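Have a look at this one.
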Amino acid sequence: MNPVLTLDHLNVSFATNNGEVSAVSDLSLSITPGECVGIVGESGSGKSQTFLGAMGLLANNGTATGRVVFQGQDLLTLDRAALNKIRGDRMAMIFQDAGTSLTPHMRIGDQLIEVLTTHKGHSRQAARQRVLEVMESMRIPEIEKRLTQYPHEFSGGMRQRVMIAMALVCEPDLLIADEPTTALDVTVQAQILNLFRALKRHTKSAIVLITHDLGVVAGLCDRVAVMYAGRIVEEAPVADIFAAPKHPYTQGLLKCMPRLDQLLDAELDAIPGQPPNLQNLPNGCAFAERCVNANTRCHNERPALRELSSARRAACHLLEAA
Amino acid sequence: MLSFALKRLAIAAPTLFIIVSLSFFLMHTAPGGPFDAEANLEPQIIANLKAAYDLDKPLFQQYLIYLGKVAQGEFGPSIRYQDRSVTQLIATGLPVSLRIGLSAIFIAAMIGISLGITAALNQNKTTDYVVMGVAMTGIAVPSFVLAPLMTLIFGVILKLLPIATLEPGGSLARTFPAIAPLTPYILPIIALAIPQVAIISRLTRGAMIEVLRQNYIRTARAKGLAERRVVWRHALQAGLLPVVSYLGPAIAGIVTGAVVVETIFQLPGMGRFFVQGAINRDYPLVLGIVIIFATAVIAMNLIVDLLYGVLDPKVKAGD
């Protein structure tokens, strides 16, 4: 099956007063129709910037190079008008903080309806009908009344549902969710995750789930890519990542997760040290500084992302030796 | 909304009272009096004149008499402009000031907001630098330099427009008779508008740059909306808030006190009466204009607050 999205040697960098900062380096990844891919990594690992770059939503000082092929078209070569035909329609994005990601001075209904009137040429009446349908499937109560309200009249969880509804009204082929549950209470998180689960069952959309929460990935995703310092360090089917993580960073991440079957006073194994400064990345493996098994080769030579088996890739010299 | 407006009007009355009282005493504290310039008059005549205007009574009594008149909606007779009441003077001055002031602020808002948006959308590019450079010049050049310069160029040298009169004139009026009645107002309006264009464009630019960085603008772009819609529908309303709060007091100020411009162009507006009144210690005239000015500021601020409720749904008027 042809992938819905292929990132091909994607680089994202930002021009700052202190020189160029590279947020994403040489990243390649494919997403096939209908699958759910988790992108995991800590803050600053470049997971959000990868997809903001792909959608042409970088801040003014950011540039994306490489190729972003969406259904056969390289998005990075498209002009603004051509890109606008795709984003919001066939490719939609959900943002982390729904509180600041909805226009405060527009009624919720208008913000949802404009997506359909823009992309599908619907009349306002037809668009409203479709919006009501989607909001209903998002389990938003009293939808008729809700349409005329402003974002500040919604709770955090309801705002996130609106964000998701907004991304879904055009039935996109690819849905990118950037930390959709991070800013929410735990109970609300569970409700939103249930929505995603239902979404996975009932739509044909491929879903990219950007998160730092491995628990979210375990429950939802088919495949996981782990990012560190702007690169993918490991990519595998979700069961394999949890059963047998290959990259030392992935292993470290899993050890950091609190487990119910451990003693309450048992200390979590935090990964020692800090992620590297993106302005001044080391020549070797970016994780070497924090890796207990690192050798001189790790410090001097950057490991390539190599195929371990048909579905698994990892970037680590230690795996080669083993 | 209605109860909010009523509440504000109720506060307006004591505010006006305090302003009138303060101005009354400040005005009378200023050294000199209305008849000091008349050096040759007999002391008896001066005493009679003072009695005619109640100026011989103790200050506090004068104050009470004045308050009584104001309460009845009367500003009393002008001391300097004989046989004319302050109300009559204001009735001749206010229309002139309103006409040039409102036109100037309207034109300035239209141009200033458009320039500000253009600069914000081209932040740190050539367009931005050019617009802001021109705006800085507009702020830096005072109207007492700008106005005579424009008079010199368009009135004296090019003879396009009439100078210092409300009579139509100049070659522009002869070429286009249809707009002849407007010609006396063109230069004063431009002179008033230029500094306002500069201020408004800078305010708009700053606010729009801030708004365009917001997450919800990124959402609007992610939805594939045309840039035009992102700017007009999603950004502008929030970007205009500082401009609206500036425009309120600015309109009140420009309408009641375009002092320099009215003086240079010899227009019989409020600003000129104000300055003349202050120089001549024409107490009733100055106080009358102060009351009009204060009322205008209070009214404009009320309108701004009500508009805020419209522009920003989070601000519910009345809370």
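The values are calculated or read from the model by the stated rules, or taken from the named source; none is laboratory data. Small disclaimer: the values here were computed from a predicted structure and weren't measured. For neighbour counting, all protein chains shown are included, and Cβ atoms are generated from backbone atoms with ideal geometry for every residue, glycine included.
Can you name every one of the strands (runs of 3 or more DSSP E) wholly within the stretch A:1-86 that holds 1 or more residues which are within 26 Å of B:K125 (Cβ to Cβ)?
On the way: elements: A:5-16, A:19-31, A:36-40, A:62-70.
Once the strands (runs of 3 or more DSSP E) in the stretch A:1-86 are filtered for at least 1 residues that are within 26 Å of B:K125 (Cβ to Cβ), what remains is A:5-16, A:19-31, A:62-70.
Suppose we filter the stretch B:250-280 for residues that are touching a Pro at 6+ places or on another chain (Cβ under 9 Å) and assigned to a helix (DSSP H, G or I); how many remain? First the steps, then the outcome.
If we filter the stretch B:250-280 for residues that are touching a Pro at 6+ places or on another chain (Cβ under 9 Å), which is where we start, we get B:258, B:260-262, B:264-265, B:267, B:269, B:277, B:280.
Now narrow it down to the ones that are assigned to a helix (DSSP H, G or I): B:260-262, B:264, B:277.
Residues flagged as touching a Pro at 6+ places or on another chain (Cβ under 9 Å) and assigned to a helix (DSSP H, G or I) within the stretch B:250-280 amount to 5.
Here is a follow-up. Hey, which of the helices (runs of 4 or more DSSP H) in the stretch B:142-249, taking only ones fully inside, have at least 1 residues that are surrounded by fewer than 18 Cβ atoms within 10 Å (Cβ to Cβ)?
Details: elements: B:143-150, B:170-175, B:183-212, B:215-222, B:236-239.
The qualifying helices (runs of 4 or more DSSP H) are B:143-150, B:170-175, B:183-212, B:215-222.
Could you figure out which of (1) within 9 Å of chain B (Cβ to nearest Cβ); (2) surrounded by 17 or more Cβ atoms within 10 Å (Cβ to Cβ); (3) outside any loop (DSSP other than H, G, I, E, B); (4) not small (G, A, S) isn't true of A:M106?
Every listed condition holds for A:M106 apart from (3).
Could you list all residues from the stretch A:88-103 that are part of a loop (DSSP other than H, G, I, E, B), facing another protein chain (nearest Cβ under 8 Å) and surrounded by fewer than 20 Cβ atoms within 10 Å (Cβ to Cβ)? Step through it out loud before you land on a result.
To start, the set of residues in the stretch A:88-103 that are part of a loop (DSSP other than H, G, I, E, B) comprises A:88-90, A:95-97, A:102-103.
With the extra rule that they be facing another protein chain (nearest Cβ under 8 Å), the set shrinks to A:88-89, A:95, A:97, A:102-103.
Across the stretch A:88-103, the qualifying residue is only A:D97.
Output the number of residues of the stretch A:295-322 satisfying the condition of being in contact with a helix residue (DSSP H, G or I) (Cβ under 6 Å, 6 or more places away or on another chain) and either surrounded by 18 or more Cβ atoms within 10 Å (Cβ to Cβ) or not assigned by TED's automatic domain parsing to the domain that holds A:D222 (or both). Working first, answer last.
Narrowing the stretch A:295-322 to residues in contact with a helix residue (DSSP H, G or I) (Cβ under 6 Å, 6 or more places away or on another chain): A:297-299, A:303, A:317.
Filter again for either surrounded by 18 or more Cβ atoms within 10 Å (Cβ to Cβ) or not assigned by TED's automatic domain parsing to the domain that holds A:D222 (or both), leaving A:298, A:303, A:317.
Here the count works out to 3.
With the condition kept exactly as written, say whether any residue in the stretch A:237-253 is in contact (Cβ under 8 Å) with a residue 12 or more places away in the chain, under 27 Å from A:R90 (Cβ atoms) and away from chain B (no Cβ under 14 Å).
Yes, because at least one residue in the stretch A:237-253 is in contact (Cβ under 8 Å) with a residue 12 or more places away in the chain, under 27 Å from A:R90 (Cβ atoms) and away from chain B (no Cβ under 14 Å).
This table checks each residue for (1) outside the structural domain of A:G41 (by TED's automatic domain parsing); (2) part of a helix (DSSP H, G or I); (3) closer than 22 Å to A:G219 by Cα.
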{"residue": "A:R139", "(1), (2), (3)": "yes, no, yes"}
{"residue": "A:E144", "(1), (2), (3)": "yes, yes, no"}
{"residue": "A:Q149", "(1), (2), (3)": "yes, no, no"}
{"residue": "A:V162", "(1), (2), (3)": "yes, yes, no"}
{"residue": "A:T181", "(1), (2), (3)": "no, no, yes"}
{"residue": "A:T187", "(1), (2), (3)": "no, yes, yes"}
{"residue": "A:A190", "(1), (2), (3)": "no, yes, yes"}
{"residue": "A:F196", "(1), (2), (3)": "no, yes, yes"}
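Right, here's the next one. For A:Q125, which of the numbered conditions (1) surrounded by 23 or more Cβ atoms within 10 Å (Cβ to Cβ); (2) farther than 23 Å from B:P313 by Cα fails to hold?
(1)
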